[in-house]
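Taken together, the values in this text are just the output of simple stated rules run on the coordinates, not laboratory data. Since the structure is predicted, the reported quantities are computational estimates derived from the model, not experimental observations.
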Amino acid sequence: MFFTYLRRELRRRRKAALVVASGLALGIALVIVVSSVSAGMGQAQDKVLQSLYGLGTDMTVTKAEAPAGTTGGNTRPKFQFGAKGSGDDSKQSSDRVTVQGFQTLSSATVGKVGEQSGVSSAVGGLSLNVLKVDGQFKRGEFKQRSGGGSATGRPGAGGGAPQGEVQGGGANFDVDSYTVYGTDVAHLGIGPLTSSKITSGRTFTSAESNAKVAVVDASYAKKKKLKTGSTVTVKSVKYKIVGVATPDSGDAAANLYLPLKQAQTLAGAKDKVTTVYVKATGSQQISGVKAAIQKNVPGTTVTTSADLADTVSGSLSTASNLATNVGTWLSVAVLIAAFLVAGLLTSSAVSRRVREFGTLKALGWKSGRVTRQVVGEALVNGLLGGVIGIALGLAGAYIVTAISPTLSASVGSTGGGAQGGLGGGGFGGGMRAGFGGGKQAASKALDIALTAPVSVSTIGIAVALAVAGGLIAGGFGGWRAARLRPADALRRVE
């Protein structure tokens, strides 16, 4: 009887039911679109941070770079070229390898960090910058002027001053700058190299802790025409390229990856690291681990991915703020309005059905049964609105994904020193040393295509909202219907 009457009444009031369902559908669709776009923002931000941080890394421990002019601070680049033979031309080449971005930490710090409660693993890395000067000097020639000089034709002979000038000669040098990252080959699951995929050759093996091998970034390999099996020379040491790595998104953390011990030898930084990459036992322990490291390992800066997320700027940040703030509040406002309208329309429909409900009560229907009938009708309207809203929301999310608007993202330093939590400690290789010895502010710019993924939880929220809308609307109407008395209702004409 309940379902028969319910079906008949819904069919008889199709237009009213569609109006109520459409209002709820609009609010539910907006919630789905905003939720999916917010999820896409989160994924886009994760891509930015992944290319900086590396997969499997929850936080980094660094020591801020000392100010220029102080002990341990930046020094001006210095190149020395010695005489080579007695020929007219002298080819010269010199590499200047410097630690990039941070002061170095003792390798013992890695073990100390790993001992902290909540730390699953800790690995050290060394970020370097190589400034290569390559070229040649050309000796000039003395040209004597006609009629000048001594009778012998030799400059200065007989006490006279040479009459002539030096012509030709000079120097032609090419300057190249690239980044090198020393990675612990025994722990390749943490650190910047994990944000790249080996697309040619292989990665390091645990037996190559001090081997003269290298993995090269794909873009740098293309620029320098390098491939697996090629050799690259750094500070007169030849390294065999065993693999080519392509970053999953954005730029690579470094142009060249070497075993940590080899990088330490090149920089003259034995048993030193610039960055300690930390993996927590769980996401809930990250804040506790950060506090423990700051307390027990003084003089260091601990940076989490959340800290880096706060530094993301550009259109990605703007859109994310809009989706989080304006979009959320707009969704809430529309939902409240939809629920109120659905409730008022249902209540109004009850007032127009006073004679009907009065007759039903006169026939023996209890107030509770009348209320359940009204709530059932409203609940069906809510579910119908949920179906329409989910369809509209999925269509909106699909349109956003199909269009894939491109958002720009820029990540700057997080403070905590000259370079903060980003710098050049394996993040992006964005810092280049010049002849002036200064380093540019750490930053990384990426273009990310926005998507709007719809999760099962979002669909679940939509269904819950549809049920809630139906119950709220039914509650309004049911309360009104329960107050009707048969005698009063029968005296009114519909």
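Details
- Amide H contacts of residue 274 (H built 1.01 Å from N, under 5 Å, at least 5 apart or other chain): 105, 125, 126, 127
- Filter on 197/279; 132/261; 261/295; 112/270; 223/261; 225/272 - keep pairs with C-alpha separation over 24 Å: 261/295; 223/261; 225/272
- Length gained when the stretch residue 356-residue 403 is fully extended (0.36 nm per residue, less Cα-Cα span): 11.7 nm
- Of all DSSP-defined beta bridges confined to segment 195-266, some 70% are antiparallel rather than parallel.
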